[in-house]
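J.: Here it is, the structure, as structure tokens.
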Amino acid sequence: TDPSTTPTNVALGKSTSQSTSGWGGEGSRAVDGEHSDGAYDTGPDGTCTHTQNGDPEWWQVDLGGSFIISDFSIYHRTDCCADRLIGANIIVSKTADYNAGVICSASTVGGNVAQPETGTCDGAVGNFITVQHSNAYITICEFEAMGIAVPAPEMQYLGCFNDNNGGRDLTGDRKSVV
């Protein structure tokens, strides 16, 4: 199998940001590779994010490049509050401005359900993935985004240009002949 076409977790270990932080729940915890048991821990061993409950609240991962995103997994908090992400939007965007992005899915499950909640992005292309919610806390214990790098555009050979005798050049400045 060609590794460039096999989706991997493109969010793992990437840079994150979030609208606000609360109770020690830094954004990087969602991409640390630790699913834990879903119980919230405010100490240094905690693996869940935590925002405040403003409007809007968001958590975002910068993928560090352009990726084709097939699907995602969100591990909820399980010791309480697992319904906090119901109605949250999962958005793929080319820039940090998620308002111009493509909504992959909205989180629909909560409570003590099987982990993880999964959803599809149907091949949306972007450099950022955002979980956005309004008037609710965002707590993510792990976020995984399966994707592949956008392939580099293929170069097409169009032939040679040799018209120096006609006064045209390759530099485009119409002054020098190459």
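The values are calculated or read from the model by the stated rules, or taken from the named source; none is laboratory data. If you're wondering where the values come from, they're calculated on a predicted model, not measured in any experiment. Every residue, glycine as well, gets a Cβ built from its backbone with ideal geometry; the counts of neighbours run over all protein chains shown. For the accessible areas, the whole protein counts, side chains as well, though only heavy atoms, and no ligand, DNA or RNA atoms are used. Shrake-Rupley method; radii C 1.70, N 1.55, O 1.52, S 1.80 Å.
J.: Determine if the range 70-82 includes at least one residue that is within 16 Å of E117 (Cβ to Cβ) and charged (D, E, K, R).
T.: yes
J.: Limited to the range 59-92, what total is found for residues that are of a type in the set (G, A, S) and touching a His at 6+ places or on another chain (Cβ under 6 Å)?
T.: Residues in the range 59-92 being of a type in the set (G, A, S) and touching a His at 6+ places or on another chain (Cβ under 6 Å): 2 in total.
J.: When G27 is evaluated against the numbered criteria (1) closer than 23 Å to F67 by Cα; (2) open to solvent by 60 Å² or more (accessible area, probe 1.4 Å), which criterion, by number, is the only one it fails?
T.: Failed condition: (2).
J.: Out of (1) open to solvent by less than 60 Å² (accessible area, probe 1.4 Å); (2) over 22 Å from D41 (Cβ atoms); (3) not in a loop (DSSP other than H, G, I, E, B), what's the single condition that is false for F143?
T.: Evaluating F143 over (1) open to solvent by less than 60 Å² (accessible area, probe 1.4 Å); (2) over 22 Å from D41 (Cβ atoms); (3) not in a loop (DSSP other than H, G, I, E, B) leaves (2) as the failure.
J.: Does the range 17-35 contain at least one residue that is within 12 Å of the chain's Cα centre (by Cα), within 18 Å of V150 (Cβ to Cβ) and outside any helix (DSSP H, G or I)?
T.: No.
J.: Which one is nearest to the chain's Cα centre (by Cα), of the residues in the range 112-140 that are β-branched (V, I, T), surrounded by fewer than 20 Cβ atoms within 10 Å (Cβ to Cβ) and not in a loop (DSSP other than H, G, I, E, B)?
T.: Per the stated criteria, the residue is V125.
J.: Could I ask something else about it? Tell me which residues, restricted to the range 1-16, are modelled with pLDDT of 90 or more and either surrounded by 15 or more Cβ atoms within 10 Å (Cβ to Cβ) or part of a loop (DSSP other than H, G, I, E, B) (or both).
T.: Within the range 1-16, T6, P7, N9, V10, A11, L12, G13, K14, T16 qualify.
J.: Next question, about the same structure. From the list G38, G87, G54, G43, which residue is open to solvent by less than 10 Å² (accessible area, probe 1.4 Å) and in a loop (DSSP other than H, G, I, E, B)?
T.: G38
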